Every structure is written in C-alpha cells, then in structure tokens.
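The values are calculated or read from the model by the stated rules, or taken from the named source; none is laboratory data. Model, not experiment: these values are computed from the prediction. All Cβ positions, even for glycine, are placed from backbone atoms using ideal geometry, and neighbour counts span all protein chains on display. For accessibility, only protein heavy atoms count, side chains too; no ligands or nucleic acids. Shrake-Rupley method; radii C 1.70, N 1.55, O 1.52, S 1.80 Å.
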Amino acid sequence: MHSPPASRLILFNKPYGVLSQFTPEGRWRGLKDFIDIPDIYVAGRLDADSEGLLLLTNDGQLQARIADPRFKMEKVYWVQVEGLPDEAALQALRRGVQLNDGMTRPASARLMAMPPSLWERNPPVRFRQSIPTAWIELGIREGRNRQVRRMTAAVGFPTLRLIRAAIGPYTLEGLAPGALRESPVLQG
C-alpha cells in the first residue's frame, strides 16, 4: 500500500505578464517558464497584469482551503493608485464598496510608503507628470474577479500597479520576481 505524497506548498513571486496557469496564452507567459515541479497546482488566481504571491500545492484539500473565501484567509495587496487617497476613500474601502456585482466585504485599508525592496516592473507603470501616485495596503477576505482594481476605481483612485504581498500566514518576503521557495504548511 502506498501512502499519499506529503503535502507540498510552493510560494512563487509571480512577475507581471505571467498567467496563473502553466500554459502560455496570447501575449502572456505561463508558469512553466518558471516552475518545473510535477503534480502541483495553483491555489487561487492572480491576474496576468498583477504581481506577487501565488501559492501552488500538490494537495487538493489544501488548494481548496487556500482558494475558498469561506476559510477567510486574508489576502494583502500593495496597490499603487493614481492620485492621493484621503481618509474618506480609505473609510469607504474599509466599510465595503458597491461594485456592479454587489457590496464587497469590509477590508483593511491604509496608506503606506512605497513597499520595501520593491523591484522594477517590466514594462514600467505609465506615469502622468501632473498626477501624483500613492500606495495603499489593502486586505480582503474574498476574491472576486479583478476586485482590488474595481474597489480602488470605485472610490476614485484607479490602480496603476497591484502586488499581492501575503495570503494568510504566507508572505512575499525574500522572494524576487520569478523566484520560488517551498514552505511548511502553516495554520492561518
């Protein structure tokens, strides 16, 4: 009798322009360009035009626990927005924002300095000289399609750059774009 393989959890810093799937599509690259580990699957998605933490595992139950909003694993994003959000905009994000598919759950939202050890994005974000930008740290416990971008736009501050910094207890810390590391499975 074979025992099932041990649960593996891979933390990957997904670069801009890479899909949350192994196969490339159109102008976007796939994970196979970065990850050569058999029998692992993405737990949760991150749009091609977003960067940051992506978790992969060989354990279907763990994959479901990470991806399913019922388990309320907070996802933390660093969001560069166009303009300088005021307290009213941050309060609106904290309370929940009306989107075309309903109200979002309350979120954590605060202005932050530029993230530490931030890498250059390729291609770079397009800036307009006359419009300042700011960074928001936003924590959500749901995962609708393009939700963070829609939330910041709904309060008047379009997203320029979006980086997922953490999922529950797992963080990007120490991971360069395109790099991965194996992690023990933590409770979070």
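Summary of values
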| quantity | calculated |
| --- | --- |
| Condition broken by ASP59, with the remaining ones in (1) out of contact with any strand residue (DSSP E or B) (no Cβ under 7 Å at 6 or more places or on another chain); (2) in contact (Cβ under 8 Å) with a residue 40 or more places away in the chain; (3) open to solvent by 80 Å² or more (accessible area, probe 1.4 Å) satisfied | (3) |
| Test: residue in the range 103-120 that is open to solvent by 50 Å² or more (accessible area, probe 1.4 Å), over 19 Å from ALA67 (Cβ atoms), charged (D, E, K, R) and at pLDDT 90 or above | yes |
| Evaluation of GLN129 against (1) of a type outside the set (Asp, Glu); (2) touching a strand residue (DSSP E or B) at 6+ places or on another chain (Cβ under 7 Å); (3) farther than 27 Å from ILE10 by Cα; (4) surrounded by fewer than 16 Cβ atoms within 10 Å (Cβ to Cβ) (one fails), failing number | (2) |
| Qualifying residue in the range 177-188 (condition: of a type in the set (D, E, K, R) and buried (at least 16 other Cβ atoms within 10 Å of the Cβ)) | no |
| Answer residue from the range 65-78, given it is out of contact with any helix residue (DSSP H, G or I) (no Cβ under 6 Å at 6 or more places or on another chain) and modelled with pLDDT of 85 or more and is farthest from PRO169 (Cα to Cα) among those | TRP78 |
| Residues being closer than 24 Å to VAL185 by Cβ and out of contact with any Asp or Glu (no Cβ under 7 Å at 6 or more places or on another chain) - total across the range 56-108 | 19 |
| Verdict on GLU82 being touching a Leu at 6+ places or on another chain (Cβ under 6 Å), within 28 Å of LEU175 (Cβ to Cβ) and in contact (Cβ under 8 Å) with a residue 60 or more places away in the chain | yes |
| Residue within the range 155-164 that is of a type in the set (A, V, I, L, M), out of contact with any helix residue (DSSP H, G or I) (no Cβ under 7 Å at 6 or more places or on another chain) and open to solvent by less than 30 Å² (accessible area, probe 1.4 Å) present | yes |
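Let's see how each residue does on (1) surrounded by 15 or more Cβ atoms within 10 Å (Cβ to Cβ); (2) in contact (Cβ under 8 Å) with a residue 24 or more places away in the chain; (3) touching a strand residue (DSSP E or B) at 6+ places or on another chain (Cβ under 9 Å):
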site: PHE22; (1), (2), (3): yes, no, yes
site: ASP36; (1), (2), (3): no, no, no
site: ALA43; (1), (2), (3): yes, yes, yes
site: SER50; (1), (2), (3): yes, yes, yes
site: VAL76; (1), (2), (3): yes, yes, yes
site: ALA89; (1), (2), (3): yes, yes, yes
site: LEU99; (1), (2), (3): yes, yes, no
